[in-house]
Structures are given as structure tokens and as C-alpha cells.
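Asks: My structure is below; once you've seen it, I'll send some questions.
The values are calculated or read from the model by the stated rules, or taken from the named source; none is laboratory data. Remember, predicted model here, so these are calculated numbers, not experimental data. Cβ coordinates were reconstructed from backbone atoms using ideal geometry, including for glycine residues, and neighbour counts include every protein chain displayed. Please note that ligands, DNA and RNA were not included when accessible areas were found on the heavy atoms of the full protein model with its side chains. Shrake-Rupley method; radii C 1.70, N 1.55, O 1.52, S 1.80 Å.
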Amino acid sequence: MRSCLIPALAVSLAGLVPAPAASASAATAALPTPQLAYQGRLLEAALPVTGSRNFLFQILDSSGNVLWNSGTFALAVNNGLYSVVLGSSTMTAIPESLLAQPSLVLRVTVEGLVLSPDVAIVPAMQARSAFELSGGFSGDVTGTQYAMTLQMLQGQPLDLTSNPPQAGYGLVYNGSTWVPGPIGSGHGSAGATGATGATGATGATGATGPTGAQGSIGATGPTGSQGLPGTAGATGATGPTGATGAPVSFRSLWSSSTVYNIGDAVALNGTSWVALAGNFNVTPGTDGSVWAVLALAGATGATGPTGPTGATGGTGPTGATGSTGPTGTSGTAATVAVGTVTTGAAGSSATVTNSGSSSAAVLDFTIPAGATGATGAGVSYTVIVATANVAAGTIVNGAYIILNGDGLTVNLPVPSASCKNWIVTIKPGLASYTVATSSSTIKAATAIDPWDGLASSVSIPMGAYTNVSCACDGTYWWVQ
């Protein structure tokens with residue numbers, strides 16, 4: 001809880017100033033009792049208060065002595081603001097003796113809690129004593145506040161009774177007393193001449209005088225800058241026609257092995273030249289007495305529209321295998337685990353989702369159900385999730401193999417003209433896998449690095465691939 005004084009409502013005393021008395025003998029008006037108007041702002045928990053609170057106001061001197069208190073009473077507070085007139089008829093009167101006290105402060109207590117700091121009572125309170133003067137006057141003026149008499153002027157006696165004043169009289173000092181007398185009767189001798197006053201302001205400028213006589217001609221000044229060019233003159237008459245030149249004979253592109261005669265014209269780097277003299281192996285542009293320009297090469301024209309794309313050419317031969325690059329920095333090994341394998345609706349797309357993270361993948365598969373085929377010859381189709389090597393004889397025609405381990409070897413059945421397609425799905429990562437058969441060769445080919453080697457097993461580095469499709473044509477197993 002705290003209280004603050006709004007600066008525009010500073011503490012001051014309020015009272016009625018009596019009107020001036022009509023005469024020294026008029027009755028003195030009753031003096032109003034001292035009163036103090038005060039307004040403040042009250043906060044509780046930093047929020048403005050609204051409601052009734054019990055207040056106690058006290059006036060203290062500079063030593064902390066309580067000179068007056070209002071007694072505790074209830075006061076309405078609205079949005080933090082409250083106001084009160086201290087010393088009013090509803091509380092103890094403020095003693096007149098406080099009017100002459102300096103350094104007074106007002107202390108406010110709310111609900112038994114003293115607010116800090118005390119509020120200084122501004123000097124406007126002491127100004128009240130100017131119209132509540134008590135006691136008699138002394139010195140040049142005697143009497144009281146409401147009946148006073150001027151007895152002296154600057155300590156010299158004033159006598160208005162021995163020689164009463166008349167019209168045209170003034171106060172004249174006769175050497176011991178101020179008395180009424182004719183104006184001028186008391187003039188002394190003339191004083192000394194005063195000092196010269198300050199120079200007055202400069203007067204306005206006078207009218208211009210008559211023009212003086214013509215002076216002598218001065219020396220010639222420097223030459224001025226070049227003036228603007230004049231307009232072009234008329235075209236002169238046409239001169240006589242010159243002699244007929246030698247005929248021009250066009251000789252195609254210039255050649256260093258050709259003998260040229262006067263009038264032969266050639267082209268070089270887009271510019272045409274004519275021979276002014278017979279020459280051999282003289283490059284045009286190197287000797288102006290031998291060759292002259294007929295026409296300079298023109299600027300390069302704008303690029304024409306792009307022509308239609310030509311047919312795709314045949315595949316070029318396979319380039320030589322490049323040297324093995326340096327081994328890269330080993331990355332953090334990722335892990336891949338197979339999560340769920342769900343059969344989807346027939347005709348839908350197969351999906352693989354990662355329910356793990358980028359470094360610890362958990363692959364959930366949805367494999368669509370195939371359409372019901374014709375009754376076969378008893379060939380079965382199985383799904384194998386391999387975490388170890390797949391030995392020969394384990395896989396039958398129509399198998400779908402999912403590899404879930406690094407460096408595994410898959411042994412496929414011997415290919416034949418009636419063999420089925422095998423799909424081998426492996427997890428991604430920096431690992432290699434071997435696809436092999438026990439009695440036939442495998443031809444490996446990929447879209448990234450095709451090659452023609454034949455072997456009974458193929459090791460596949462998996463840094464760039466995620467799926468391997470194995471098919472046979474009755475001769476080879478193809479790893480794509």
C-alpha cells in the first residue's frame with residue numbers, strides 16, 4: 001500500500017481573505033479558521049484502490065513532534081484517488097499558531113499503516129499570515145492591521161496638524177519635520193550638469209548624390225573564352241568528275257598463294273578488299289597502298305530460333321573404368337530394421353514407410369495382394385525376411401526376399417526357361433550383398449555402372465542402391 005501526491009494538487013491552506021475596511025473605525029470581519037486541502041493516490045498490491053478506508057492525518061514539525069491530528073475517520077477512495085479538507089468543521093481545527101511554523105510536513109496513516117514519505121507542506125500555508133496579522137505596528141506606521149497611521153517618512157516626523165494641507169500643497173521637509181507647504185517652496189539650488197547621454201541611433205541613409213565626371217578609359221582586359229560556333233556555310237559547288245577507275249574483279253577469299261592484280265577484290269574475315277597494286281602474299285589490312293576496304297564486315301546478327309531437336313544418337317561405347325577414388329570419411333553407421341509387413345488391397349501401390357528415424361530406420365511394408373491367377377502347376381510364392389545368408393535350395397520359384405542384415409549372400413535356384421522373377425529388397429546403407437547360384441553364372445547390370453563380367457556370384461555395393469531385381473531368361477540370372 002502506498003500513497004502519492006499528484007503535483008497539480010499541491011498541499012496549500014485555504015481561507016477567505018476579508019475585503020478592505022471602509023474606514024479605520026469599521027468593524028473587523030471575523031477571520032476564517034486555517035484549513036488544508038489535500039489529494040492523494042492510494043495503491044494496494046500496485047493496483048488502484050476503490051472503496052472506503054480509515055485515514056489519520058497529522059501535521060508534524062521538523063523534529064517529528066505532532067502539532068495537530070485529524071483523528072481517525074473513514075474516507076472514500078475511487079480508482080485510487082481520494083481528497084480531503086483538513087481542519088474542516090467535521091474534525092479538530094488547525095491552530096492559528098501553525099501559520100508561522102516553518103518546515104511542516106503532513107503524515108498520512110491508512111488502516112494503521114503509516115505511508116512513506118511524509119508530504120512537505122508548501123509555503124503557501126504561511127502566506128495566510130499576511131491577512132491574519134495581529135498586534136500593533138511600530139516605526140513609521142502605528143496602529144493595527146485594520147486601523148493604521150503613518151507617523152514618519154524614513155524616520156523623519158510627519159506633522160499634518162500644525163499647518164493643515166491645502167489644495168496645491170505637497171509635503172516639504174523643513175529640516176526637522178515633513179509638513180504641508182506650497183509646491184516649489186522647498187526647491188534648492190540647481191544641481192550640476194549631468195553626464196552626456198549615450199549616442200543616439202544612426203539616422204536613415206540620405207539620398208544619392210549627382211553622378212561624377214567620366215573617368216579615363218582603363219586598360220584592356222584579358223581575352224574572353226571562345227564563343228559558340230557560327231552556323232554552317234552553304235555547300236560548295238560540285239567538283240569535276242574524276243578519272244574512271246580500274247574495273248573490279250571478284251576473286252573470292254584471299255589466299256597467300258595467289259598473285260593479285262589491280263582491281264582484284266577479295267574477302268577476308270568478313271571484310272571485302274580491292275587491290276590498288278599488283279601483289280603476292282600481302283595480307284589485306286597490313287599495307288594501305290596495296291589493299292583498300294570495299295565493305296567492312298557487318299555486326300553479328302541476332303541468334304536465330306533454336307531448331308528442332310535431332311534424333312537421339314546411338315549409345316556410345318562404354319568408357320574405361322576410372323581409377324578408384326580415395327576412401328571417404330566413415331560416417332555414423334545407420335541401422336535399418338523391418339517393422340510391419342501388411343498385405344494391401346489388390347491393385348494398390350506398394351508402400352514403404354519409416355516409422356523410426358533417419359539414423360535408425362524401421363521400415364513398415366504394405367504389399368498389395370496380386371490378382372488371382374490361373375491355377376498353376378504347383379509353383380508356390382513365398383516372402384522371405386532374411387537376417388542371415390540364404391542357402392541354396394531355400395528359395396523356390398516366385399520368392400520375394402527382404403534382406404535385413406549387412407553382407408548377406410542369397411543363393412537363387414538354377415535358372416531355366418520356365419523360371420520366375422525374383423525380387424530382392426535390401427536395406428540402404430554402406431554395405432554389400434552377394435547374389436549367387438550354385439551352378440550357373442550371373443550377369444550383373446545396373447543403370448549407374450553397367451558391366452559385362454560373368455560370374456557364379458555377384459557382390460553388390462549398396463551405397464547407391466536400395467532394391468535389386470533378379471530375373472532369369474533360362475541362361476543367366478540378371479541383377480538389375
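Asks: Only one of (1) assigned to a loop (DSSP other than H, G, I, E, B); (2) at pLDDT below 75 is not met by Ala346, so which one is it?
Replies: Failing condition for Ala346: (2).
Asks: For Ala265, indicate whether it is of a type outside the set (Lys, Arg), in contact (Cβ under 8 Å) with a residue 24 or more places away in the chain and assigned to a loop (DSSP other than H, G, I, E, B).
Replies: no
Asks: Something else now. When you scan the range 371-386, do you find a residue that is among the small types (Gly, Ala, Ser), part of a loop (DSSP other than H, G, I, E, B), modelled with pLDDT of 70 or more and farther than 29 Å from Ala334 by Cα, even just one?
Replies: The initial filter retains those residues of the range 371-386 that are among the small types (Gly, Ala, Ser), namely 371, 373-374, 376-378, 380, 386.
Among the residues that remain, those that are also part of a loop (DSSP other than H, G, I, E, B) are: 371, 373-374, 376-378, 380.
Then drop every residue that is not modelled with pLDDT of 70 or more, which leaves 371.
When the remaining residues are screened for being farther than 29 Å from Ala334 by Cα, the result is 371.
So far as the range 371-386 goes, yes, one or more of its residues are among the small types (Gly, Ala, Ser), part of a loop (DSSP other than H, G, I, E, B), modelled with pLDDT of 70 or more and farther than 29 Å from Ala334 by Cα.
Asks: Let me ask another. Just give me the residues in the range 291-343 being open to solvent by 100 Å² or more (accessible area, probe 1.4 Å) and closer than 30 Å to Asn261 by Cβ, in sequence order.
Replies: Correct list: Leu296 only.
Asks: If you check Ala237 against the conditions, is it hydrophobic (A, V, I, L, M, F, W, C), out of contact with any Pro (no Cβ under 9 Å at 6 or more places or on another chain) and touching a residue at least 24 places away in the same chain (Cβ under 8 Å)?
Replies: Spelling it out, it is not the case that Ala237 is hydrophobic (A, V, I, L, M, F, W, C), out of contact with any Pro (no Cβ under 9 Å at 6 or more places or on another chain) and touching a residue at least 24 places away in the same chain (Cβ under 8 Å).
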